[in-house]
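What follows is a short report on a single structure.
The values are calculated or read from the model by the stated rules, or taken from the named source; none is laboratory data. Nothing here was measured: the structure is a model prediction, and the numbers come from that model. Cβ placement follows ideal geometry from the backbone for every residue including glycine, while neighbour counts extend to all protein chains displayed. Accessible surface is based on the protein model in full, side chains and every heavy atom, while ligands, DNA and RNA are left aside. Shrake-Rupley method; radii C 1.70, N 1.55, O 1.52, S 1.80 Å.
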Amino acid sequence: MSTEPLPVRVLHSIVAKPAVYNLLQRVAGVEKSRARVRRILADTSGVLLDIGAGTGLYADLLPTGAHYLWLDNDPEKLGGFRRSHPQKLALLGDASRMPIRDGGVDYAMSIAVSHHLTDAEFDSFLRTVARVCRLGFIFLDGTDQPQSRVSRLLWKYDRGSRPRKPEVLREFLERYFVIQSEELYRIYHTYLLCQAVPKPVTEVPEPRAAGR
Ligand SMILES: C[S@@+](CC[C@H](N)C(=O)[O-])C[C@H]1O[C@@H](n2cnc3c(N)ncnc32)[C@H](O)[C@@H]1O
């Protein structure tokens, strides 16, 4: 049973509707993020796994010849994605226990997901992403900027309640990846966008202890 107050629960269930979510994202300036992600994806080929893909807002950005694979744990989002992209492959599942073999996809991407995960879940998620993706990982999320009133207000009503500072996100990523490029940019939140490659298995540390 959710501990959120009723008005917040009602708000979240409205925003969870795929059409409402997409409209709000457009109002919130998602095209600026899409333009940046489009530039990065221009160099991809093979299979790209979009983890926590939601409504599939970034599915149309892949170059011709690359294949998009949707993954999320929300059945309502799956229904919406299937209706709007009937030809694309989709997996319903948890980001930290993905049913994909080692190196099973060429690229992975995770946009606006890490703030939904606890530290232990985020660590386990990144470990799994590094295991399944062969060539590269594209990471994007809003960051914790307590000095910005707008950002603080938006996080207050966001379903994911764990925004992290850019340096904390980097520290998590660098356990399992080598960051090749990164950009911080501002819309209402300040966003961190990174391109990274998985570290060789021999350099991967033990899983981070729960609660750290
Ligand atoms: C803010 S939405 C972002 C959706 C999409 N990436 C985008 O940028 O429009 C976060 C998504 O992460 C998904 N999600 C959260 N925790 C997850 C988990 N443990 N495994 C898989 N998906 C998860 C949610 O269902 C939701 O669709």
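Put simply, the Cα atoms of segment 6-67 extend 45, 21, 14 Å along their principal axes, the longest span coming first. Cross-link pairs exceeding 27 Å between alpha carbons, from the set Lys32/Lys156; Lys32/Lys199; Lys17/Lys199; Lys88/Lys165; Lys32/Lys165; Lys32/Lys77: Lys32/Lys199; Lys17/Lys199; Lys88/Lys165.
This model, with +1 at the C-beta of Lys and Arg and -1 at the C-beta of Asp and Glu, gives the chain a dipole about its Cα centre of some 500 debye. Working from the Cα coordinates of segment 20-118, the gyration tensor eigenvalues give, after taking √(5λ), semi-axes of 19, 18, 14 Å in decreasing order.
Can you give the Rg/Rh ratio of segment 53-171, where Rg is from the C-alpha atoms and Rh is the Kirkwood radius? Computed over Cα atoms, the ratio is 0.97. Here segment 1-77 and segment 88-143 have alpha carbon centers that stand 14 Å from each other. Across segment 176-192, coupling constants 3J(HN,Hα) worked out from phi with the 6.51/-1.76/1.60 Karplus curve, θ = phi - 60°, read 10, 9, 9, 7, 9, 8, 8, 9, 10, 9, 10, 10, 9, 8, 9, 9, 10 Hz, and Gly and Pro carry x. Entry note, the chain: the mean residue ellipticity at 222 nm calculated from DSSP H runs of n ≥ 4, each adding -39500 (n - 2.57), is -11000 deg cm²/dmol after division by the residues and rounding to the nearest 500.
When both bridge partners sit in the chain, DSSP labels roughly 45% of those beta bridges antiparallel. In the context of the full set of protein chains, the chain has a per residue accessible area of 53 Å² (1.4 Å probe). Across q = 0.07, 0.10, 0.12 Å⁻¹, the chain modelled as identical point scatterers on its alpha-carbon atoms has Debye log10 I(q)/I(0) values of -0.20, -0.42, -0.61, in the order of the q list.
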